[in-house]
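The next block holds one structure in the form of C-alpha cells; read it before the comments.
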Amino acid sequence: MTPISRRSALAGASVLVAGSARAQPRFPDRPIKLIIPWAAGGPADGGFRILAESAARKFGQPVVVENKGGASGVLGALALQEAKPDGYTISQMHMSVLRQPLLNPQLRYDPIVDLTYILQITGFVMGIVVRAEAPWQTLPELLAYAKTHPGKLNWGTLGIGSTQHLAMERLGMAQGLAWTHAPYRGTADTLRALLGGEIDFASESSGWAPMVQAGKLRLLAVFTAERARRFPDAPTVRELGYDVVVDSPGGLIGPRGMDPAVVKVLADAFRAAAEEPQHRQFLDNMDQPLLLLDGPAYRDAMARTYLEERELLKQLKLLP
C-alpha cells in the first residue's frame, strides 16, 4: 500500500469512528426515569430519592422519580417489560419482584431472565409494631393473645407476598395462629392504618422508626439477625425463640438486554451516590446496611434466592 493509500485508509477509518461516535451519543444525554414501585413517603422512597438527586449531579441530567404503588410492588418490573433497554427507564428492585411471579401466574415475566441487574444497594430492617396504647408489651404477649383469640387480630403489610407478609405468616404458621392479613399500597399507608385503629399491628420495614422514637408506636421485635442499632431494647424474633430471620436486599434493575457499557455508567454513578454521606446518614437513620454488589453478582444472588423462595412458598402452601 502506498503512503497516499495508507493515509486514505486511515482517514476513512477516522470517519467511521467519528460516525460511530455520532451514532452513539454520550449516555445519558437526557433525563432518566427511576420508578419506585411504592407510594411516596416510605423508607424505600426516601432513600432512592436521595440516590436520584446525587446520581443526577454525576450524570449532568435529571433522574426523575415516578412512584407506581400497588400490585405488591411489581409495577416497576412490569413497566420495564415494555421499556426500551437504553438505560433511560430503570426501577427499584426488591424481593416482591422476585416472588410475585411465583404467586401470580398472570405475571408473565421471569425475574431473572427478563430483567437487567444493575446494582444491589441495601437491605431493610423489618419489625413488628403496635400502637403505644396497645396492651401487648412484647411479641410473646401478642402471639399468646392471638392464640387465645383466634381470628380476632387484624394486621397489615405493604402487600400479599411481600417480605413482611411472608415473615409474619411463617411466624403465625409455626405457632398455629389464625388472624387476618390486610394488604396496603405501601409502608406509609400501613402505618396510617395502624395509627388509625384499622389494624392491631403491622409487620413493616423501618418506616416505623420515627413513630417509635416519638412514642406513637411500640416496636415489639425485629426480624433481622442482630438487634437494630437505634433500638437496642427491641429483641430479634430469633432471640425470642422463633426461628425466622429476614434479609431483604434491594437495588436497581433495568429492562432485559441493556448494553453493558450503559449498565456500568448507571452502576458507577449510583454506587458513588450510595456511598455519599447524605445517603449513609439516611441508612443509619433507618438502620439499613449498605450491601453493594455489582450487576452480575446481584443477578447470581437473586437466582439462588429465587429457588429458595419457591421452596418456602411451597412449604407455606402459598403457590397457586
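Key figures
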item: Whole-angstrom Cα spans of the stretch 90-194 along principal axes, big to small; result: 47, 26, 20
item: Estimated FRET transfer efficiency (LEU195, ARG26; beta-carbon r; R0 45 Å; 0.05); result: 0.40
item: Peptides ranked, highest mean first, by Cβ atoms within 10 Å: ranges 275-286, 186-197, 153-164; result: 153-164, 186-197, 275-286
item: Kirkwood Rh in Å, taken over all unlike Cα pairs in the stretch 115-162; result: 14.0
item: Which labelled figure in (1) 45, 31, 22; (2) 39, 23, 17; (3) 44, 20, 16 is semi-axes √(5λ) of the Cα gyration tensor in Å, once derived from the coordinates; result: (3)
item: Cα gyration tensor category, rounded, prolate or oblate, for the stretch 49-137 with a/c compared to 1.5; result: oblate
item: Rough spin-label spacing in nm, given labels placed 7 Å along Cα→Cβ, for THR148 and ALA261; result: 6.9
item: Highest to lowest packing among 217-223, 89-95, 241-247, scored as the average C-beta count within 10 Å; result: 89-95, 217-223, 241-247
item: Reachable lysines, given that their alpha-carbon falls under 28 Å from the alpha-carbon of LYS147 and they are not under 8 places away in the same chain; result: LYS216, LYS314, LYS317
item: Solvent-accessible area per residue for the chain (1.4 angstrom probe, square angstrom); result: 45
item: Prolate/oblate/rounded call for the stretch 149-192, Cα gyration tensor, a/c under 1.5 rounded; result: oblate
item: All lysines inside 27 Å of LYS84 as judged from Cα atoms, apart from same-chain residues fewer than 8 positions distant; result: LYS33, LYS58, LYS68, LYS264
item: Contact order normalised by residue count of the chain, Cα under 8 Å, 6+ apart, percent; result: 26
item: Point-to-point label distance, ASP247-MET173, nm (Cα→Cβ direction, 7 Å offset); result: 2.1
item: Carbon and sulfur %, accessible surface of the chain computed with the full protein complex present, 1.4 Å; result: 54
item: The stretch 188-320: C-alpha gyration tensor shape, a/c 1.5 cut-off, then a/b vs b/c; result: oblate
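The values are calculated or read from the model by the stated rules, or taken from the named source; none is laboratory data. This structure is a prediction, so every number in the text was calculated from the model and none was measured. Cβ sites come from the backbone with ideal geometry, for glycine too, and all protein chains shown count toward neighbours. Areas reflect the complete protein model, heavy atoms only, side chains present, ligands, DNA and RNA absent. Shrake-Rupley method; radii C 1.70, N 1.55, O 1.52, S 1.80 Å.
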